Amino acid sequence: MKSLFFKTGFVLLALIFFGKLAKNERGITHNNPNDDFQGQAFYISKSKMELGRWGDRLSEAQKKQVAARLKNRLEKEYILTFNKEEALFYEDEKLDAMSGATDSWGKNFSPGRQYKNVKTNTQIQNQEFYGKQFLVKDELLSINWILGKETKQIGNYTCFKATASIPTSELTWYDFSWSRLRTNNVEAEKKTDSISTKVSAVEEEEDIPMTEVEAWYSPQVPVGHGPLEYWGLPGLILEVNAGSTTLLCTKIVLNPKEKLEIEAPDKGKEITKQDYQSTIVNKMKEFRNNRMGRRRG
């Protein structure tokens, strides 16, 4: 009887030990008894070049030249440092530093260091616009994800598909386009029109440009974080396809030996996303008017 009890106990201990070992190899469990889960995810971002009507006048050779000049804007690398509640997303600028490539114009409209806290529903992002520092504080973007059943493998992680339709301006509030400036002018005219009706308001809502987003997340990394504005899924987002841009996770490091520091940016003029976008639009209007004034002069 004692022999049987000993053998049974030994088998149970062995199963528990090897079960834990298998989970650790998959990066699911963590060693810290205080559940101090941390990690880093490394992403590459690739965007297709959109030249619009101007591009129609270019030859294929000219398009290749433009693409080569804009490579450091179309292809970037990012790092996402995270724990259960917080995340810090920022561009890895080592490659640009090594190549000596600079893109002073593009940096004015690129995402800065972005801190997100899913517990407090807070986003704090540092943005520099023509030498002036802004500290953009706002709520996290509300995303109505539709969870699918499709799966695929990204590295060692099984990922599930999720989709969402998001207003483009909510995803690119730190960016600028001349079409947005024209839209801003139209909206300003509508606000001054006292004959506006509820029907026109409904039509305006229907005309809001939307971006169809496809995301792939893995519950094997049990955090609700993701790159850029994306978050809120039951697992780390490893891939995002939105418009002409694809973000793909190439490497994940869970629970490194050295503790990772996650600190929110704290320098710059405090402002909301909407007010920051208005600041950009007004400044670009000023640039355009000054340029037109010099031509007339």
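The values are calculated or read from the model by the stated rules, or taken from the named source; none is laboratory data. As the structure is a computational prediction, the values presented were derived from the model and not from experiment. Counting neighbours? That spans all protein chains shown, and the Cβs are built from the backbone with ideal geometry, glycine included.
Data overview
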{"item": "Checklist (1) of a type in the set (Phe, Trp, Tyr); (2) at pLDDT 95 or above; (3) over 17 Å from Lys267 (Cα atoms) applied to Trp178, failing item", "result": "(2)"}
{"item": "Number of the exception - Val281 against (1) at pLDDT 90 or above; (2) farther than 22 Å from Gly155 by Cβ; (3) surrounded by 11 or more Cβ atoms within 10 Å (Cβ to Cβ); (4) not basic (Lys, Arg)", "result": "(1)"}
{"item": "Test: residue in region 272-293 that is more than 26 Å from Phe82 (Cα to Cα) and among the small types (Gly, Ala, Ser)", "result": "yes"}
{"item": "Options Gly268, Gly235; residue that is touching a strand residue (DSSP E or B) at 6+ places or on another chain (Cβ under 8 Å) and surrounded by 20 or more Cβ atoms within 10 Å (Cβ to Cβ)", "result": "Gly235"}
{"item": "Region 97-148: number of residues that are touching a strand residue (DSSP E or B) at 6+ places or on another chain (Cβ under 9 Å) and at pLDDT below 85", "result": "4"}
